[in-house]
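Working notes, structure below.
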Amino acid sequence: MDNDKEVEALLTLIEDPDTEVFEAVSNRIISYGTPIIADLENLWENTIDNNVQERIELLIHRLHFTSLKNDFTEWSHAPHHDLIPGALLVAKLLYPDLHTGKIIQDIERLRRNIWIELNNYLTPLEQVNVITSILYNYFGLKGSLGEKRIPNEFLISHIIESKKNQSGNGVLYLLLTELLDVPVRLLPIPNQFVLAYFKSKTESDPEKLHLNIEFFIDPTLGQVFTHNDLYNYFNRISLAVKPDYFRPQSNKEVIIKLLQDIGTCYLSDDKLYLLKEIEELIDILRR
């Protein structure tokens, strides 16, 4: 009962013109967590003042983002960093009320279709050809169209619909190979989302990391390419080859890369607050 009275009083004070009062009220509202969002939405629907509505929208956004940071912290500190929940958390950055059930069902359907075609007698290249055929021929995954970067196309929830973004395609490819226990990993090559098929026996010598890799995959269209192809690319863009470019990335690093790529969509002044939030999430994962 006391909480109900306090919430009612706080909601009344949202329209207070004093910025210090509003900040104090905001912090107290945020402390209630996401359960108070329903009250805020009800207030928004019954308010005609645009300024008050903007304040309510800001509060709802802050509540969602505070909850998201807590979820990222929990995922980051978990003993295992499965890629599906990490990718779904990234989607909730833009769609906090995202329902994940259908997305997981779609991913499971793809996994099952690929699994039926795989067997222990296939070579690494044959395994990848099976995955590529189902993803790009049957499912219809395709490359990005044009240079415009659209945030939605990076999200696992929308990749299944839009099917056309290198980073988004790459995350879908990685989470499927993780579920299928196929040793495909992301490489830290600058400005690209390049995947590699890793051998079972690995070299630990930093200068020989490239020997751990059978071949490379561009998830834009699922194309396979060789070491020579990659070296030719490095030469074409005048990029010195570093041994670390052949080090497999962890799932945390995959999610960091995905967040960084989404961040390039928010470099304009009116979107810088989203870029700041993305940087906060990246900091959580790096701790």
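Points worth noting:
- Rounded D (µm²/s) - region 6-101, Kirkwood Rh over Cα pairs, Stokes-Einstein at 37 °C, 0.692 mPa s: 223
- Sorting E23, E153, E178 by the number of Cβ atoms found within 10 Å of their own Cβ, with the fewest placed first, yields E23, E178, E153.
- Computed from backbone phi, the HN-Hα couplings of region 216-230 come to 10, 9, 9, x, 4, 10, x, 6, 9, 9, 9, 4, 4, 4, 5 Hz, rounded to whole numbers (Karplus: 6.51 cos²θ - 1.76 cosθ + 1.60, θ = phi - 60°; Gly and Pro given as x).
- The alpha carbon centroids of region 77-92 and region 231-255 are separated by 24 Å.
- Dimensions of the chain along the principal axes, based on C-alpha atoms and rounded to the nearest Å, stand at 67, 42, 39, largest first.
- Note on the chain: with a GNM built from Cα contacts shorter than 10 Å, the maximum mean-square fluctuation among I29, I262, I131 falls on I29.
- Annotation: amide H of F225 within the under-5 Å range of F216, I217, D218, sequence separation 5 or more or interchain, hydrogens built in the peptide plane.
- Nearby aspartates and glutamates by direct alpha-carbon distance to K276 (threshold 19 angstrom, same-chain neighbours under 8 apart not counted): E57, D71, E253, D261
- 3J(HN,Hα) from dihedral phi, region 109-116, Karplus parametrisation 6.51/-1.76/1.60, rounded to Hz, x for glycine, proline: 5, 5, 4, 5, 4, 6, 4, 4
- Whole-number percent relative contact order across the chain, with pairs defined as alpha carbons under 8 Å at least 6 apart: 15
- Entries of K142/K271; K199/K242; K69/K257; K102/K271; K201/K242; K201/K257 with Cα pairs more than 24 Å apart: K142/K271; K102/K271; K201/K257
- Residue among P151, P85, P35 with the largest mean-square fluctuation in a Gaussian network model of the chain, springs linking Cα atoms under 10 Å: P35
- Residue exposure sequence - F22, F234, F216 - by fewest surrounding Cβ within 10 Å: F234, F22, F216
- Highest-fluctuation residue, G263, G222, G170 considered, GNM on the chain with Cα pairs under 10 Å: G263
- Shown for E207, E15, E277: other C-beta atoms within 10 Å of each C-beta, ranked fewest to most, produce the order E207, E15, E277.
- For region 144-264, the Kirkwood radius over C-alpha pairs fed into Stokes-Einstein at 25 °C and 0.890 mPa s yields D = 164 µm² per second.
- Helical contribution to [θ] at 222 nm, DSSP H n ≥ 4, -39,500 (n - 2.57), averaged over the chain, rounded to 500: -18000 deg cm²/dmol
Here, each number is a calculation from the coordinates, and none is a lab measurement. Keep in mind it's a predicted model, so treat the numbers as computed, not measured. FYI the Cβ positions are ideal-geometry reconstructions off the backbone, even for glycines, and counts take in every protein chain you see.
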